[in-house]
Amino acid sequence: MRFDLVTLFPAIFDGYLTQSLLEKAIKKGLVEIHRHDMRDWAADTPHRKVDDRPFGGGPGMLLQVDVTVPCVEDVERMAQTPSRKILLTPQGKRFDQPMAEDLAISDRVMLLCGRYEGFDQRVIDILEPEEVSIGDFVLNGGEVAAMTIIDGVVRLLPGVLGDEQSNWDDSFSRGNRLLEFPQYTRPREFRGHGVPEVLLSGNHEAIATWRSEQSLEKTERRRADLLDRPQ
Ligand code: SAM
């Protein structure tokens, strides 16, 4: 799978792409991540300007349509596979696990990271990207949102996690879309807190029943809204 990141701050991704699962997935050739500095598409002025003040007044600056659209069009041509274009904005459809699963079966995803007050509306009108938000709050830029999406998607690609089963059992995931059951590891007792007996019983059927009951009970208590969603 290939990601193309369109950003004014490509260096923000340096640490993220060179650590842990992401680094391994890249080295194994399971994912390619290409960063593109929007400033390379700026007019050839000393400041390589990419933003300007909004018509009608108001605070802040907007990313210009005559920089963003040619940039995205050129990046699109850098590989033969057409990309799913996602523009990151707090006004978009909320990113969730089913969206991550859907993106994980795409061959190529382009993520457009906004800055300042975001993009000129004509970027959206011309490119018709999917508009995606990672939650009801406002970040300084789309880079952290892009990392969130990459992180959620890459762990679903075959070969990235040691144990593929965890993709099914995780909270919100394909296995049941509920919150995950409580988990325990050694030691068996710590400061008077033990481990539920059933987990030590070796009875796999009883363990599975206990886990699904716990998962349902926790979901009802914390996130009853999940029970009404389509599976
Ligand atoms: N003026 C915009 C608004 O009110 O909708 C917010 C602009 S925000 C300061 C700058 C950029 O950060 C956005 O263009 C977007 O790319 C990114 N961003 C901020 N919050 C986000 C969120 N919740 N999800 C995805 N991207 C976000």
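The values are calculated or read from the model by the stated rules, or taken from the named source; none is laboratory data. Please read all numbers here as calculations on a predicted model, not as lab measurements. All Cβ positions, even for glycine, are placed from backbone atoms using ideal geometry, and neighbour counts span all protein chains on display. What goes into the accessible areas is simple: the full protein's heavy atoms, side chains included, and nothing from ligands, DNA or RNA. Shrake-Rupley method; radii C 1.70, N 1.55, O 1.52, S 1.80 Å.
Descriptive notes on the structure:
- Hits in the range 123-148 - residues which are crowded, with 21+ Cβ neighbours inside 10 Å, in contact (Cβ under 8 Å) with a residue 60 or more places away in the chain and within 9 Å of the ligand (Cβ to nearest atom): GLY142, GLU143, ALA146
- For the range 103-122, filtered to residues that are within 10 Å of the ligand (Cβ to nearest atom) and of a type outside the set (Phe, Trp, Tyr), the residue that is surrounded by the most Cβ atoms within 10 Å (Cβ to Cβ) is LEU112.
- Contact annotation: residue pairs with Cβ atoms under 7 Å, 6 or more positions apart or on different chains, pairing a residue in the range 13-38 that is more than 14 Å from GLY162 (Cα to Cα) with a partner that is open to solvent by 40 Å² or more (accessible area, probe 1.4 Å), are PHE13/ARG35; LEU17/GLU23; LEU17/ILE26; VAL31/MET1; ILE33/ILE26.
- Among the residues of the range 170-193, those that are buried (at least 17 other Cβ atoms within 10 Å of the Cβ), of a type in the set (S, T, N, Q) and out of contact with any Leu (no Cβ under 6 Å at 6 or more places or on another chain) comprise SER173, ASN176.
- Within the range 180-231, being at negative phi and among the small types (Gly, Ala, Ser) holds for GLY194, SER201, ALA206, ALA208, SER212, SER215, ALA224.
- Residue satisfying all of: in the range 82-91; under 16 Å from ILE150 (Cβ atoms) and more than 13 Å from the chain's Cα centre (by Cα); nearest to the ligand (Cβ to nearest atom) among these: LYS85
- Evaluated against (1) touching a Gly at 6+ places or on another chain (Cβ under 8 Å); (2) closer than 27 Å to GLU101 by Cα; (3) in a loop (DSSP other than H, G, I, E, B), TRP168 falls short on exactly one condition, (3).
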